[in-house]
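To start, the structure itself, in structure tokens.
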Amino acid sequence: MFLKRVSYLIIVAMMIGSPGVIFPALGATKKTQAEEKVAVVNGVQIDRGEFDGEVLLVQRAVLGLGRPLTCEQVASIRREVLESLIRREILYQAGRKSGIKPDENAINKEIAALRQQFSSDTEYKNELSRRNVSEEMLRARMIRNSTVQQYIEKQYTAKVKVTDNDMVSYYESHLDLFKQPLQVRVSHILIQSDPKWEDSRKQEARGKADKVLQNLKKGRDFTTLAREYSDGPTRTNGGDLGYLRMGQLDKQFENNVFALKAGETTNIIETDYGFHIFKVTDKKTETILAYENVKDKIRQFLREEKAKQEADLQAKKLREKADVEILLKEDISPAKRP
């Protein structure tokens, strides 16, 4: 069962590519030319950095299921990753033969978006260098991913069929994916203070907060008071923080706020930043999104998943005719039974 799950994870994660394909795992070191290659497919090499990055991604995904990995399972992952990389290269070559060309504009945008994640062009280039990836390698990998994606969409996605029964079955067996968690709409007033202030100044801030709370208890409008007194960044829009879920507020506020009913206000909560008052203006209980509202997304998801699996089956057939040389030195062969 474990091996089937691993194989499925690898197919889903790798058929079109992933961040690990672009940036291989950290810790890879420069090697000799022979050691850099883990396989050669019809004369095209698969490099070690890419292989290591994919192995790391899949291991993290499996560990995310809450299961430790045995040595045999690690070897199984490495074996499956290498085979999937080989099949992906075969699909890329098939895509090129069919006349598919990468979307250069999309690739340029992707590279630009990647650059924007770094504070400077120097930092971006240093990161590439740290991972032993040149800009030419980066673009080549994006070109391959784009070609494979287009090939799968053209050859398989448009042809696969997803029935109503498929969609209903997926919805009913994955209800956790369609949960809409408890949400509260919150407004906030902050009367600023600082632990470094003198006691008299702190007391002045506390007095201001007490005055705001008294006005609220007398029925004055929270929005008006926020605009008049709050030192917080949401002052101009009446303190409105919008809808929040558990985990989006600081822990020292969360229990107080989520315990309120719509229309209720907290007492003063003191922190190092000052004195806080929250009001819940609306509350949405946890619900499960209706099937009718998500069926189109389910249909698209299942079409893409089926297309990836069909493409992988075709790649396995093409693999039998391809000229493949395995160069990985570690033993990734299946364990022999006694």
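The values are calculated or read from the model by the stated rules, or taken from the named source; none is laboratory data. Remember, it's a predicted structure, so these values are computed and weren't measured experimentally. Here the Cβ is made from the backbone with ideal geometry for all residues, glycine too, and neighbour counts use every protein chain on show.
Yes/no matrix, rows are residues, columns are (1) in a helix (DSSP H, G or I); (2) without any contact (Cβ under 8 Å) to a residue 24 or more places away in the chain; (3) buried (at least 18 other Cβ atoms within 10 Å of the Cβ); (4) outside the structural domain of GLU36 (by TED's automatic domain parsing):
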site: PHE278; (1), (2), (3), (4): no, no, yes, yes
site: THR281; (1), (2), (3), (4): no, no, yes, yes
site: GLN300; (1), (2), (3), (4): yes, yes, no, no
site: LYS306; (1), (2), (3), (4): yes, no, no, no
site: ASP312; (1), (2), (3), (4): yes, no, yes, no
site: ALA315; (1), (2), (3), (4): yes, no, yes, no
site: GLU320; (1), (2), (3), (4): yes, yes, no, no
Identify, by number, the condition in (1) in contact with a Ser or Thr (Cβ under 9 Å, 6 or more places away or on another chain); (2) farther than 27 Å from ASP194 by Cβ; (3) among the basic types (Lys, Arg) that ARG299 doesn't meet.
(1)
Please pick out the residue among VAL257, VAL212 that is in contact with a helix residue (DSSP H, G or I) (Cβ under 7 Å, 6 or more places away or on another chain) and either outside the structural domain of LYS279 (by TED's automatic domain parsing) or part of a helix (DSSP H, G or I) (or both).
VAL212
Taking the range 178-209 only, how many residues are more than 29 Å from LEU260 (Cβ to Cβ) and either surrounded by 13 or more Cβ atoms within 10 Å (Cβ to Cβ) or outside the structural domain of GLY239 (by TED's automatic domain parsing) (or both)?
1
For residues that are over 26 Å from GLU325 (Cα atoms), part of a helix (DSSP H, G or I) and touching an Asp or Glu at 6+ places or on another chain (Cβ under 8 Å), tally how many sit in the range 80-124.
1
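Is it fair to say GLU72 is within 25 Å of the chain's Cα centre (by Cα) and part of a helix (DSSP H, G or I)?
Against the criterion (within 25 Å of the chain's Cα centre (by Cα) and part of a helix (DSSP H, G or I)), GLU72 does not qualify.
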Those residues of the range 80-128 that are acidic (Asp, Glu) and under 21 Å from the mean Cα position of the chain (by Cα) come to a total of 2
Checked the range 193-215 for anything within 28 Å of MET246 (Cβ to Cβ) and modelled with pLDDT of 95 or more; matches are ALA209, VAL212, LEU213
Quick test for you: out of VAL81, VAL55, VAL40, pick the one residue that is assigned by TED's automatic domain parsing to the domain that holds ALA311, surrounded by fewer than 20 Cβ atoms within 10 Å (Cβ to Cβ) and of a type in the set (A, V, I, L, M).
VAL40
How many of the residues making up the range 174-203 are within 28 Å of ASN237 (Cβ to Cβ), touching a strand residue (DSSP E or B) at 6+ places or on another chain (Cβ under 6 Å) and not in a strand (DSSP E or B)?
2
Return the only residue of GLU292, GLU228, GLU264 being over 28 Å from LEU175 (Cβ atoms) and without any contact (Cβ under 8 Å) to a residue 12 or more places away in the chain.
GLU228
Quickly run through the range 241-261 and pick out the residues that are buried (at least 17 other Cβ atoms within 10 Å of the Cβ) and either small (Gly, Ala, Ser) or without any contact (Cβ under 8 Å) to a residue 60 or more places away in the chain (or both).
LEU241, PHE253
Condition check for LYS109: in contact with a strand residue (DSSP E or B) (Cβ under 9 Å, 6 or more places away or on another chain), within 28 Å of GLU305 (Cβ to Cβ) and among the basic types (Lys, Arg)
no
So which residues in the range 215-254 are in a loop (DSSP other than H, G, I, E, B) and touching a Gly at 6+ places or on another chain (Cβ under 6 Å), if there are any at all?
SER230
